[in-house]
Amino acid sequence: MKTPSFNHYNGLRSKGLRPGRLAASTFYLKLAVIFCLIVFLVNCASTLSRAKVDYAQAQTLQRTLRVREATAIYKKVQQEMSALVKQQPTAQAYLLKGLSEVNLELWEEAAASFQQATWLGNEGTESWAKELSLYGLALSFEKLGWPEVSARLFDILVKKGKYQPVVRNSVGKLVEKKLGEIDNLARSEKRVPEERNKILDEVKKMVLQTLEKDPACGYCHYLLSQVLAHREDFSQSLEEAIMARELGLPTEEILRDNDNQIIFCYKELIVELPADQIVSFKERYNKWIKKWEWPDETTPDWKKS
Amino acid sequence: MDEKKFDSFLAQALNLIKYFLPLGSTAIFPLLYSTIIWAIKKKENLEAEISGLELSLDPDIIYNKPAKFILKFFEEPPELKEAFKMELEAGDLKSLRQAFRALYPVVGLKEPFLQGLFSEELDRGDYRLIAAQYDSRLKQALSEIEAAENKPGFWATIKKIGKDFLSLGWALINEPELRAWLKAALEKNEKKGGRNENTEL
């Protein structure tokens, strides 16, 4: 009797797969897996590279005041990176996700992304995560009607923060608050000039310190110009407003407000300056407005109807 | 400007818009007005101009201005001086500052969307009403736009309307005149719509 020989390929043979063919199919299977893996990695890398290009484009749009278009791209980058980190969590993908979230003002999400980026090896992002959490908290206190607490948090961020968007926004919040205190002084009929000057000195010092860290921040020059106008130093206020315009401002609204500041200072200086300085002042001023294509000294381009 | 041409342009524009916003919505007039201004001034950031009003993507402007700035804002244009004569004479800076918060973006920064939203008050010189209703009216109009934005193609349609206006060759029209034309044409359209509804009934 012929003993049936055991061959583990029997079953496969019956399906028409011989050992040679099986080895080949295993080889092709491995090849396919490797190919898929390469495609996956290349795809992840190209998604990341594309997202980096998109992010850079959004930043350019934001600088040219096309905020809405920039926002749409930040949203796209954030969605792509959210999907990517689910497939392949890398520090870079989390970093890009966090940066987009900062621009979308999703503070908590951004802080969490930077924290993930830190755990995955990106050292610089740990402090960003902390600063963003603190900034989000300060905004919450402000909304809930706790101005003193929020001011304290903004103050910490201005003094110790390293992440520029957070520091810049915090300075703006504090300047507005402190200038409001001056207004309250006048309302309470204290009208103590020393107290007023003390607040203005403090605010000026704070903005100057921020500018030392980031001299090309147009928004900080805008803030300084606003503070100097409260001190009635219209000449310096005008210089700072011109600098702000030249360096670029974050929104159309701020740009227009800054233009109004330029005109306000111009009108004040025309009255204030000694007669022998007016001609040279007007000459200098007119060079700027010519550059900006204003129809006259007190009409910015956007006021032309 | 040719009235018939403008009416036909507006009818087409409303036909496009009605998919996104219900006719009679608060946002229609300011949206159309700022779209046309955007097209005339060849700006590319219409969405930013409108949505930027609410989005605090970037820092805000400083509203706490020196007293001189506030006073000049109210004293220089005769219509504002007249409207706030009482406060100016009494030196009531507190009330002036409150009104400034609402009026500065509309009158001082000439935000086209806000100028459209408060066009009737601007034409009548009713600055006090703008100051009183600023927050509620803006909130309502922006929430309507936010709902419209959820439908695909909203901004593309709005930009198309702007470009269609330019193709009519009326780029030199001034802003108050445009507001008046738009208002008259919209009113005419509303009456026509009302009549059609009645006939259908």
(request) Looking for whichever is assigned to a helix (DSSP H, G or I), touching a residue at least 24 places away in the same chain (Cβ under 8 Å) and out of contact with any helix residue (DSSP H, G or I) (no Cβ under 7 Å at 6 or more places or on another chain) here; the options are A:SER170, A:SER133, A:SER127, A:SER140. Which one fits? (result) A:SER127
(message) Report every pair of residues separated by at least 6 positions or lying on different chains whose Cβ atoms are under 8 Å apart, first residue within region A:282-295 and in contact (Cβ under 8 Å) with a residue 12 or more places away in the chain and surrounded by 11 or more Cβ atoms within 10 Å (Cβ to Cβ), second among the acidic types (Asp, Glu) and not in a loop (DSSP other than H, G, I, E, B).
(response) A:TRP292/A:ASP301
(message) Whether any residue in region B:165-175 is open to solvent by less than 70 Å² (accessible area, probe 1.4 Å), within 30 Å of A:THR298 (Cα to Cα), within 13 Å of chain A (Cβ to nearest Cβ) and assigned to a helix (DSSP H, G or I) is what I want to check.
(response) yes
(request) Please work out if A:SER170 is hydroxyl-bearing (Ser, Thr, Tyr) and open to solvent by 10 Å² or more (accessible area, probe 1.4 Å). (result) no
(request) Check A:LYS267, A:LYS304 and return the single one that is within 14 Å of chain B (Cβ to nearest Cβ), open to solvent by 20 Å² or more (accessible area, probe 1.4 Å) and in contact with a helix residue (DSSP H, G or I) (Cβ under 9 Å, 6 or more places away or on another chain). (result) A:LYS267
(message) If I ask for residues that are open to solvent by 10 Å² or more (accessible area, probe 1.4 Å) and not in a helix (DSSP H, G or I), which ones from region B:113-138 would you list?
(response) B:GLY125, B:ASP126
(message) For region A:99-111, give me the residue count where each residue is in contact with a Phe, Trp or Tyr (Cβ under 9 Å, 6 or more places away or on another chain), without any contact (Cβ under 8 Å) to a residue 40 or more places away in the chain and in a helix (DSSP H, G or I).
(response) 4
(message) Based on this model, can you work out whether B:GLN98 counts as open to solvent by 80 Å² or more (accessible area, probe 1.4 Å), within 14 Å of chain A (Cβ to nearest Cβ) and among the polar types (S, T, N, Q)?
(response) yes
(message) Quick check on this structure: which one of A:LEU255, A:LEU228 is within 14 Å of chain B (Cβ to nearest Cβ), open to solvent by 10 Å² or more (accessible area, probe 1.4 Å), among the hydrophobic types (A, V, I, L, M, F, W, C) and more than 21 Å from A:TYR163 (Cβ to Cβ)?
(response) A:LEU255
(request) Provide a single number: the residues in region A:205-231 that are out of contact with any Lys or Arg (no Cβ under 8 Å at 6 or more places or on another chain), outside any helix (DSSP H, G or I) and touching a residue at least 24 places away in the same chain (Cβ under 8 Å). (result) 1
(message) Looking for something open to solvent by 50 Å² or more (accessible area, probe 1.4 Å), in a loop (DSSP other than H, G, I, E, B), at pLDDT below 90 and of a type outside the set (A, V, I, L, M) - is there at least one such residue anywhere in region A:154-161?
(response) no
(request) Please work out which residue is nearest to the other protein chains (Cβ to nearest Cβ), limiting yourself to region A:232-248 and to residues that are open to solvent by 10 Å² or more (accessible area, probe 1.4 Å) and either closer than 17 Å to B:PHE73 by Cβ or not in a helix (DSSP H, G or I) (or both). (result) A:GLU232
(message) Tell me the residue from A:LYS30, A:LYS75 that is at pLDDT 80 or above and either out of contact with any Phe, Trp or Tyr (no Cβ under 7 Å at 6 or more places or on another chain) or surrounded by 13 or more Cβ atoms within 10 Å (Cβ to Cβ) (or both), please.
(response) A:LYS75
(message) Condition first: open to solvent by 50 Å² or more (accessible area, probe 1.4 Å) and in contact with a helix residue (DSSP H, G or I) (Cβ under 8 Å, 6 or more places away or on another chain). Now tell me which residues in region A:271-281 satisfy that.
(response) A:GLU272
(message) Here is a list: B:LYS41, B:LYS68. Which entry is within 10 Å of chain A (Cβ to nearest Cβ), modelled with pLDDT under 80 and open to solvent by 60 Å² or more (accessible area, probe 1.4 Å)?
(response) B:LYS41
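The values are calculated or read from the model by the stated rules, or taken from the named source; none is laboratory data. Predicted, not measured: the structure shown is a model, and the values here were computed from it. Note: ideal-geometry Cβ built from the backbone for every residue, glycine included; neighbour counts use all protein chains shown. The protein model used for the area step is the full one, side chains on, heavy atoms only, and it has no ligands, DNA or RNA in it. Shrake-Rupley method; radii C 1.70, N 1.55, O 1.52, S 1.80 Å.
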